[in-house]
Every structure is written in C-alpha cells, then in structure tokens.
Amino acid sequence: MNTSKQHWETVFTTKSPQEVSWTQTYPSTSMELIQAFQLPKSIAIIDIGGGDSLLVDALMNEGYTDITVLDISEKALFRAQKRIGERSKKIKWIVCDINNFKPKRNYDLWHDRAAFHFLIQKEEINNYTKTVNKFVSNALVVGAFSKDGPKKCSGLQITQYSCISIAENFEKLFTVEECRYEDHTTPFNTKQNFTFTRFKKKKQS
C-alpha cells in the first residue's frame, strides 16, 4: 500500500465525518454548478475523490441515474455504501488513486471537489489534465483551495488555484462558463476558501 493510500485509509478508519474539514451537510455549490449545465438526468457523471460525501445522495435524489464515485480509500466508499443502503447498488464504485486512474469509458460530466488540489507535482497535474481532456466529453466542475484558502489539508501539502490559474490549466480543451470564490464552513466552524469553476468542453473541429 503506498503512503498516500495508507494516509487516507487511516483518516477514514479513525475519524468521523464531523472530525474532518471537508464534510458538508449538503453539497449546494456542486449541485448548482452541475445543474447549471441543464444536461439530461441520464448523463454519465463521475465524482473524483468522492469518498463518503453526500453528493452521490443529492444526485440520486435529483434523478441522475448514471453515477460513478472514485476514491483512493476503500473505507471511505464503504462508509458511503453503508449510509446509502440498498440504493448504493445503483452506483458504480471505483477504488483507485487518481494518479493511476485509467477510465474504461467517457464521462459526460466530471466533478472534483477533493482530489485535484492534492496534486502538487507538475507531472501529476499534467497527467490528471490529460485524463480529463481524453475522457470528459461535455462538462467539468472543479473545486480547489483558493489563494486565500489553506496551504495544507489533512496534514498534506496542496496546490492553491485562482480563477485565472485553474482556467489556464484546462484551457486547451475547456472554456470557463463560471468561476466563483466561496467559503466552506467546516464542522468545527472554521472557514476554508475555495475556487469553484464550471467548464464546458470546446467543440472539436
């Protein structure tokens, strides 16, 4: 087991949702940005670093039917499946480090509020961007710590993004539809500033 995977398995084994900073009672910003595309409910959606977040519940409750959740931590996905219960059988669950992810299909919409800002090496960021460029056919939503946000999360270094720098990273094949800065209030009542960006894939000639 690599160090990163060991780290996250330990986090999700030893800490409850109320003991980690990223927990949300409802993923309102993510849902707003996803629904703003006005795409059919049958689209293929993947949530990168979804862990045991409530986004999958919100998507199912809104009628989305083709949902995949990817996370490096098997324990995190197990917690999500246990919470959701019988409906979890309708979801595709993938245990994988995003650095090693080789999609077997295209996704209409790729959502990431958890993994992208943990990539700090240029090679990792480039590899992630190449995967998005190749396997995302329509829409992209990325939430990452802003320049006013934390410099570390869960004890790990992160990369901060402005609306400009995140747009530049994906500009080859994606156009920014919307970018906003938002404070996330953690379960322990501190603030973390995020950059949330909604991208549309450019039409290929």
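Points worth noting:
- Taken as a whole, the structure leaves GLN160 outside the set of residues that are within 19 Å of ALA44 (Cβ to Cβ), in a loop (DSSP other than H, G, I, E, B) and either of a type outside the set (Asp, Glu) or in contact (Cβ under 8 Å) with a residue 24 or more places away in the chain (or both).
- The listed residues are LEU109, LEU140, and the only one of them that is under 23 Å from THR65 (Cβ atoms) and touching a Leu at 6+ places or on another chain (Cβ under 7 Å) turns out to be LEU109.
- Assessment of region 42-62 against the conditions (under 16 Å from the mean Cα position of the chain (by Cα), over 15 Å from PHE135 (Cα atoms) and in a strand (DSSP E or B)) yields no matching residue.
- Selection status of ASN133, farther than 23 Å from SER4 by Cβ, touching a Leu at 6+ places or on another chain (Cβ under 8 Å), touching a residue at least 40 places away in the same chain (Cβ under 8 Å) and outside any strand (DSSP E or B): yes
Bear in mind that the values in this text are calculations on the coordinates, not laboratory data. The shown structure was predicted, so the numbers you read here are calculated from the model rather than taken from an experiment. Cβ: placed from backbone, ideal geometry, glycine included. Neighbour counts: every protein chain shown.
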